[in-house]
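The structure under discussion appears below in the form of structure tokens.
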Amino acid sequence: MLTPEDNDLLCRVEGQAPMGQLMRRHWLIACLSEELADPDGAPVPVRLFGEDLVAWRDSDGAIGLMDRYCPHRHASLVFGRNERNGLRCLYHGWKMDVQGNVIEMPSEPAQSGMAQKVRHKAYPTHEHGGFVWTYMGPPDTMPPFAPPPYAPTPDAKVSILKVVVDCNWAQILEGAIDSAHSSSLHSSDIAPSRVAGTEHRGGRTMLRPSTDKAPRLQVQATHYGFKYAAIRRPIQNADTLDYVRMTVFVAPFSALIPPNAQYNSANVNVPIDDTHTAFHFISWSLTRNGALDQEEYRKFQHGQVGIDLDRSYRKLARTPENQYGQNRLAMNNGNFTGIDGISNQDIAMWETMGPIADRSTERLGASDLAIVEFRRLMLDAVKRFRDGAPALGAHATLPYPQAQIASFEGMLPKGAEWRGFDTVEAQASRRQAQSAA
């Protein structure tokens with residue numbers, strides 16, 4: 001349980017809220033590259049931490065992210081003309097470049113020099129891994145951009161599901177790091193089977209080598225957040241083996257989900273404001289034939305633009321008004337939730353907790369160990385940040401690059417140590433040792 005005061009401290013991100021200011025000290029996702037596919041294309045509205053912005057790609061391919069409202073009379077630049085390396089306001093023709101410089105003021109006398117005196121608010125951007133990234137903190141604290149674990153190299157194959165979720169960022173993140181719920185909520189989509197590890201063989205179902213719905217949880221703090229193992233009894237060789245799924249929380253808003261035999265998974269939750277979040281569910285592989293193609297992945301998740309989502313990535317097919325498309329006949333015939341898509345099942349749980357979940361009346365159990373650790377870690381971090389300490393993870397000195405951080409899934413000898421498998425290098429060494437055995 002949390003007090004209402006701590007719940008607000010954890011969840012609120014708008015304005016000068018400490019958690020939002022902590023997050024602004026990190027490079028974060030502003031939008032998808034696909035939203036700005038073409039130079040001189042239509043500007044895109046973006047909202048982060050309650051701040052209205054506009055994103056656009058100029059004639060040379062550079063991306064601008066700046067205050068949505070023209071510095072002149074505050075008309076929306078979403079309707080502006082994107083032309084010749086500038087975004088022009090329709091109202092009086094003022095034109096800004098991607099750095100926020102006002103490069104034309106046709107409504108003002110040229111001799112006034114007013115254009116040189118006005119600068120529009122603009123944030124730096126960086127394009128990588130299918131995302132447009134931005135930094136919204138003080139310029140003097142901006143760290144260099146570092147490739148994230150879910151897009152570690154330029155040639156990694158990355159597929160992205162994006163959904164605007166109508167609730168606070170923290171309850172989504174808590175869902176992402178909650179391994180126990182998958183054995184119930186997703187039991188019809190991740191079915192028990194006599195396999196060696198989780199597999200996605202195509203179609204709408206994944207396979208998992210366990211029927212154990214009450215995993216034993218173990219947590220370890222790290223430089224970047226924490227990692228924890230959900231240890232389950234496997235279907236086969238339960239006397240000698242444990243089935244271990246290690247989830248990694250990369251502060252402040254990312255989680256690496258245990259992989260399957262075909263690809264890795266990650267979850268990144270960027271606050272739009274206090275009660276809305278841009279949820280990104282990502283699959284990736286270092287081999288070109290590993291991860292699903294983007295549309296294939298979105299189809300598997302029932303999250304295709306134009307079918308399940310509108311062009312702004314808001315829900316079309318499954319909403320609270322239609323009970324997320326829940327099919328009670330399918331439930332009577334054995335489907336556990338009656339809701340299509342793993343992510344849609346999660347979204348139904350997150351949103352029905354309310355815009356900001358009331359954590360003061362919860363009753364947590366042994367399966368909530370990672371949730372407790374997340375709250376403890378982030379509340380401690382935001383209180384220290386409020387008191388002048390650096391933002392958690394923004395300048396952490398890691399024993400290895402962030403792109404090397406990895407989650408883990410597999411069979412281990414009963415009682416074996418799982419904590420050393422949180423890097424790509426460690427997992428490669430394990431595979432080599434297995435091959436040599």
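The values are calculated or read from the model by the stated rules, or taken from the named source; none is laboratory data. Quick caveat, the model's predicted, so the values are computed rather than measured. Cβ placement follows ideal geometry from the backbone for every residue including glycine, while neighbour counts extend to all protein chains displayed. Quick note on the areas: whole protein, heavy atoms, side chains included, nothing else; ligands and nucleic acids left out. Shrake-Rupley method; radii C 1.70, N 1.55, O 1.52, S 1.80 Å.
Structure summary
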{"quantity": "Any chance Glu51 is at pLDDT 95 or above, within 18 Å of Thr125 (Cα to Cα) and out of contact with any Leu (no Cβ under 6 Å at 6 or more places or on another chain)", "calculated": "yes"}
{"quantity": "Residue in the range 65-74 that is at negative phi, in a strand (DSSP E or B), touching a Ser or Thr at 6+ places or on another chain (Cβ under 7 Å) and not basic (Lys, Arg) present", "calculated": "yes"}
{"quantity": "Residue in the range 222-233 that is in contact (Cβ under 8 Å) with a residue 60 or more places away in the chain and more than 24 Å from the chain's Cα centre (by Cα) present", "calculated": "yes"}
{"quantity": "Residue that is farthest from Gly175 (Cα to Cα), among those in the range 272-301 that are touching a Ser or Thr at 6+ places or on another chain (Cβ under 6 Å) and not aliphatic (A, V, I, L, M)", "calculated": "Gln294"}
{"quantity": "Subset of the range 1-48 (residues that are open to solvent by less than 10 Å² (accessible area, probe 1.4 Å) and either assigned to a loop (DSSP other than H, G, I, E, B) or among the basic types (Lys, Arg) (or both))", "calculated": "Val13"}
{"quantity": "The range 324-340, residues that are open to solvent by 40 Å² or more (accessible area, probe 1.4 Å) and touching a residue at least 24 places away in the same chain (Cβ under 8 Å)", "calculated": "Gly334, Asn335, Phe336, Asp340"}
{"quantity": "Test result for Pro109, in contact with a strand residue (DSSP E or B) (Cβ under 8 Å, 6 or more places away or on another chain) and open to solvent by 40 Å² or more (accessible area, probe 1.4 Å)", "calculated": "no"}
{"quantity": "Where Pro144 falls short, out of the listed (1) farther than 16 Å from Val132 by Cα; (2) open to solvent by 20 Å² or more (accessible area, probe 1.4 Å)", "calculated": "(1)"}
{"quantity": "Odd one out for Arg314 among (1) under 21 Å from the mean Cα position of the chain (by Cα); (2) buried (at least 16 other Cβ atoms within 10 Å of the Cβ); (3) at negative phi", "calculated": "(2)"}
{"quantity": "Glu51 being under 22 Å from Phe279 (Cβ atoms), touching a helix residue (DSSP H, G or I) at 6+ places or on another chain (Cβ under 9 Å) and either among the β-branched types (Val, Ile, Thr) or surrounded by fewer than 20 Cβ atoms within 10 Å (Cβ to Cβ) (or both)", "calculated": "no"}
{"quantity": "Residue within the range 303-310 that is in a strand (DSSP E or B) and touching a Ser or Thr at 6+ places or on another chain (Cβ under 7 Å) present", "calculated": "no"}
{"quantity": "Lone qualifier among Arg375, Arg363 - being basic (Lys, Arg) and not in a loop (DSSP other than H, G, I, E, B)", "calculated": "Arg375"}
{"quantity": "Single unsatisfied condition, Ala389 versus (1) modelled with pLDDT under 90; (2) open to solvent by less than 40 Å² (accessible area, probe 1.4 Å); (3) part of a loop (DSSP other than H, G, I, E, B)", "calculated": "(1)"}
{"quantity": "Candidate set from the range 234-244 (those that are in contact (Cβ under 8 Å) with a residue 60 or more places away in the chain and either in contact with a helix residue (DSSP H, G or I) (Cβ under 7 Å, 6 or more places away or on another chain) or surrounded by fewer than 20 Cβ atoms within 10 Å (Cβ to Cβ) (or both)); member that is nearest to Asp380 (Cα to Cα)", "calculated": "Leu241"}
{"quantity": "Options Thr198, Thr247, Thr275: the member that is open to solvent by less than 60 Å² (accessible area, probe 1.4 Å) and either within 23 Å of Gln402 (Cβ to Cβ) or in contact with a helix residue (DSSP H, G or I) (Cβ under 7 Å, 6 or more places away or on another chain) (or both)", "calculated": "Thr247"}
{"quantity": "Residues satisfying the stated conditions in the range 47-79, i.e. within 26 Å of Pro138 (Cβ to Cβ), in contact with a Lys or Arg (Cβ under 8 Å, 6 or more places away or on another chain) and of a type in the set (A, V, I, L, M, F, W, C)", "calculated": "Phe49, Leu53, Val54, Ile63, Met66, Leu77"}
